[in-house]
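Notes follow the structure.
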Amino acid sequence: MPLNPDGMPLCVRSAAENDLSALLRLDAEAFPTEPYPFYVLRQLFDLCGDRFLVLDDGHILYGYVLATPPDAGLSLILSLGVTRNLRGNGLGRRLMVAILNRLRSEDVHEVRLTVDPDNGPAVSLYQDLKFVQRGEVQKDYFGPGEHRIHMTCDLTT
Ligand SMILES: CC(C)(COP(=O)(O)OP(=O)(O)OC[C@H]1O[C@@H](n2cnc3c(N)ncnc32)[C@H](O)[C@@H]1OP(=O)(O)O)[C@@H](O)C(=O)NCCC(=O)NCCS
């Protein structure tokens, strides 16, 4: 089981409303150039419900992942982030496995996400979890210079 820097176990659980200020900081650390504003995070929390997961040790949040409610068996993973000093310890994988299991339990058959082609760690993680690229890299998908790979994972196999 992954541990925090003091050796305490980390658990995956659904995000709660009183996590939002810690999530704002965590998201800003994971995505320093384009963090979610609080009002966006707040609405994502309302939208995603139990598909907004966090990793914590009972005091501090170390990572989060969120996915949309299924629509005709399709769900989108909107974000994944792990605190900088604990990266490379399997926490991102643990969050992804947890969200995929949750979506599977809701009969989701396909999960999609987008990723920066230059984000090697994330692309490797998604490929490891059986995500495959859909189509060509979409140039300027999130605005000028913000290219994205679209990836999909078949949860029925
Ligand atoms: C992407 C991110 C969530 C990965 O989290 P993490 O906890 O460091 O990842 P893990 O330790 O679980 O690693 C899982 C797999 O990811 C890949 N990976 C992780 N770090 C890597 C690195 N530095 N280089 C290459 N591959 C890497 C590997 O496939 C790894 O599997 P392995 O441990 O069997 O080799 C984390 O780097 C992060 O928060 N980045 C900033 C935010 C971000 O880019 N989010 C994704 C947006 S699409």
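Key figures
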| item | result |
| --- | --- |
| Residue (of 20, 7, 72) at the positive-pole extreme of the chain, dipole from beta-carbon charges | 7 |
| Sequence-distant residues sharing a close amide H with residue 76 (under 5 Å, placed H) | 68, 112 |
| Prolate/oblate/rounded call for the stretch 11-154, Cα gyration tensor, a/c under 1.5 rounded | rounded |
| Cα gyration tensor, the stretch 10-56 - rounded (a/c under 1.5), prolate or oblate | oblate |
| From phi via Karplus (6.51, -1.76, 1.60), per-residue ³J(HN,Hα) for the stretch 12-18 in Hz, x at Gly/Pro | 8, 8, 5, 5, 10, 4, 6 |
| The stretch 94-157: chymotrypsin sites (Phe, Trp or Tyr not before Pro) in DSSP coil with no more than 13 other Cβ atoms inside 10 Å | 141, 142 |
| The chain, accessible surface, carbon-and-sulfur percent (1.4 angstrom probe) | 52 |
| About the Cα centre, charge dipole magnitude for the stretch 1-117 (Lys/Arg +1, Asp/Glu -1 at Cβ), debye | 280 |
| Contact order normalised by residue count of the chain, Cα under 8 Å, 6+ apart, percent | 18 |
| Per-residue HN-Hα couplings for the stretch 53-68 [Karplus 6.51, -1.76, 1.60; θ = phi - 60°; Hz; x = Gly/Pro] | 10, 10, 10, 9, 10, x, 10, 10, 8, 10, x, 8, 8, 9, 9, 6 |
| The chain: most fluctuating residue of 93, 134, 13 per GNM, C-alpha cutoff 10 Å | 134 |
| Cleavage-rule hits, chymotrypsin sites (Phe, Trp or Tyr not before Pro), the stretch 42-95, DSSP coil, Cβ neighbours within 10 Å at most 13 | none |
| For the stretch 54-124: rounded, prolate or oblate by the Cα gyration tensor [a/c cutoff 1.5] | oblate |
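The values are calculated or read from the model by the stated rules, or taken from the named source; none is laboratory data. Fair warning: this is a prediction, and the values are worked out from it, not measured in the lab. Cβ coordinates were reconstructed from backbone atoms using ideal geometry, including for glycine residues, and neighbour counts include every protein chain displayed. Keep in mind that these areas ignore ligands, DNA and RNA; they rest on the heavy atoms of the full protein, side chains included. Shrake-Rupley method; radii C 1.70, N 1.55, O 1.52, S 1.80 Å.
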